[in-house]
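Read-outs throughout are calculated quantities, based only on the coordinates presented, and are distinct from any laboratory measurement. Fair warning: this is a prediction, and the values are worked out from it, not measured in the lab. Cβ sites come from the backbone with ideal geometry, for glycine too, and all protein chains shown count toward neighbours.
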Amino acid sequence: MKWFFITLLALSALLLATNPNEADFKEHLRVHIDQLLKDYVADNTGANTGAGSLLDRASNALARLSVNETEQFIERKNYYLFSQYTYELPMLGDDKKMTFIGIFNNFIQTE
């Protein structure tokens, strides 16, 4: 029984120490949006989205701008051991809402 509580305490401390903050989420979101843009353009135009291409630089800049300019649409619920992040652009409707769980310095999209 003693080992159970020690293990539980150690796991809780690890979760607490690796709960990603909002800056981590913004960087993850920037990369996520950048990839969505590249996939969309590649699927619809067949354009080259390789590293260093014009499209690569443009999608990266657009993703960075998107995250920086829509910061007020990021909601964080901090549960200390993990966090829930919701990103929603009101002009795009509920179907464009993305929800992520931040745990162990990673993000898992749930919605």
- Item | Packing-based ranking, highest mean first, of 3-16, 65-78 given that Cβ atoms within 10 Å are counted | 65-78, 3-16
- Straight distance only, please: which lysines reach the Cα of Lys26 with their own Cα at less than 23 Å, same-chain residues fewer than 8 apart left out? Lys38, Lys77, Lys96, Lys97
- Potential extension, Glu111-Tyr80 segment - 0.36 nm per residue separation minus Cα distance: 9.1 nm
- Query: Taking θ as phi - 60°, what are the ³J(HN,Hα) couplings along the range 18-31 by the Karplus curve (6.51, -1.76, 1.60), each to the nearest whole Hz, with x for Gly and Pro?
  - Reply: 10, 6, x, 8, 5, 5, 4, 5, 4, 5, 4, 5, 4, 5
- Stretched fully, the stretch from Ile101 through Thr70 gains (0.36 nm per residue minus C-alpha distance, one decimal, in nm) 9.2 nm
